[in-house]
Ligand code: R5P
């Protein structure tokens, strides 16, 4: 009999509860598998007028509770459901509540870059805190400084750890890691460091929410195999435009790695028409039906990384020492 594993499971399932919102039940199930605990019991339903009801079925009094919910499509519904979940757990006397937000939507509106616009990233941070979260666990927030939008602790993980390992195992030779815009330079530098590749940066100009133009590149790509990395592929404009530019400049095989595959609107069709060998995303967001049909898409799971972070938070152990989120 393996007492070690049994003891570990008993200890965790007794005091730790992990619940799933509707956005990503498959990911939450994998997280619970990693932790060797059953999924927290809850019913999510709707009143006839469309209002949501979350009813937690387990006793959570004095327990350490985690709710996994990505703020992905349907964005507003998933956000409100997360808030209701947090409120429900708070009123049920949970000892500590962590909002586990693998994909934090509304994050890109993080400053006023013109008059009379909101800062939704701050608004959502306020809502999550007010609803009852004591902590947040997130993956690749659109900008690292979003951690400061919360006045509660935020553990910030990176999908790059999972993606880098995948690309390292592929042993791509003559590799240049390309940042598709200046905002991704740090991320690309991390990939380049892990994969021992060169670094190049595309200068992008955003024409509108849907249209971007990759204008020029700093660094050599001719004859090189490329890994184009980003935190998020939303409309696909940034990636496709950068891919077309490097191909025009003589790049060989082109791979794309991004944590969050939002793949909204015509993104799947755009990606299908781009000369990309393989598009690799993680399961922070479930692939939509059209994206799932792409023949060259691969989804890696972040479940073990999230599960390990949850275990460490629960045991008051260091998370940063494991995932090294510096920079
Ligand atoms: C930009 O700041 C981000 O890192 C992404 O490159 C961008 O949000 C991706 O959006 P889209 O796919 O719509 O170009």
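The values are calculated or read from the model by the stated rules, or taken from the named source; none is laboratory data. Only a predicted model underlies this, so the values are computations on that prediction, with no experimental measurement involved. Backbone-built Cβ (ideal geometry, glycine too); neighbour counts: all protein chains shown.
Scanning the stretch 81-123 for residues that are in contact with a helix residue (DSSP H, G or I) (Cβ under 6 Å, 6 or more places away or on another chain) and more than 30 Å from residue 43 (Cβ to Cβ) yields 109, 110, 121, 122.
For residues that are assigned to a helix (DSSP H, G or I) and either over 26 Å from residue 263 (Cβ atoms) or not assigned by TED's automatic domain parsing to the domain that holds residue 52 (or both), tally how many sit in the stretch 76-121. Summing the residues that are assigned to a helix (DSSP H, G or I) and either over 26 Å from residue 263 (Cβ atoms) or not assigned by TED's automatic domain parsing to the domain that holds residue 52 (or both) in the stretch 76-121 gives 7. Among the residues of the stretch 223-233, those identified as in contact with a helix residue (DSSP H, G or I) (Cβ under 9 Å, 6 or more places away or on another chain) and without any contact (Cβ under 8 Å) to a residue 60 or more places away in the chain are 224, 226, 228, 230, 233. Is it true that some residue in the stretch 294-303 is under 30 Å from residue 95 (Cα atoms) and buried (at least 18 other Cβ atoms within 10 Å of the Cβ)? Within the stretch 294-303, one or more residues are under 30 Å from residue 95 (Cα atoms) and buried (at least 18 other Cβ atoms within 10 Å of the Cβ). Highlighted here are the strands (runs of 3 or more DSSP E) found entirely within the stretch 13-75 that include at least 3 residues which are out of contact with any helix residue (DSSP H, G or I) (no Cβ under 8 Å at 6 or more places or on another chain): 42-46.
For the stretch 104-123, the criterion of a residue being under 24 Å from residue 35 (Cα atoms), crowded, with 17+ Cβ neighbours inside 10 Å and modelled with pLDDT of 95 or more is satisfied by at least one position. Only one of the numbered conditions (1) in contact with a helix residue (DSSP H, G or I) (Cβ under 6 Å, 6 or more places away or on another chain); (2) within 16 Å of residue 137 (Cβ to Cβ) is not met by residue 263, and that is (2).
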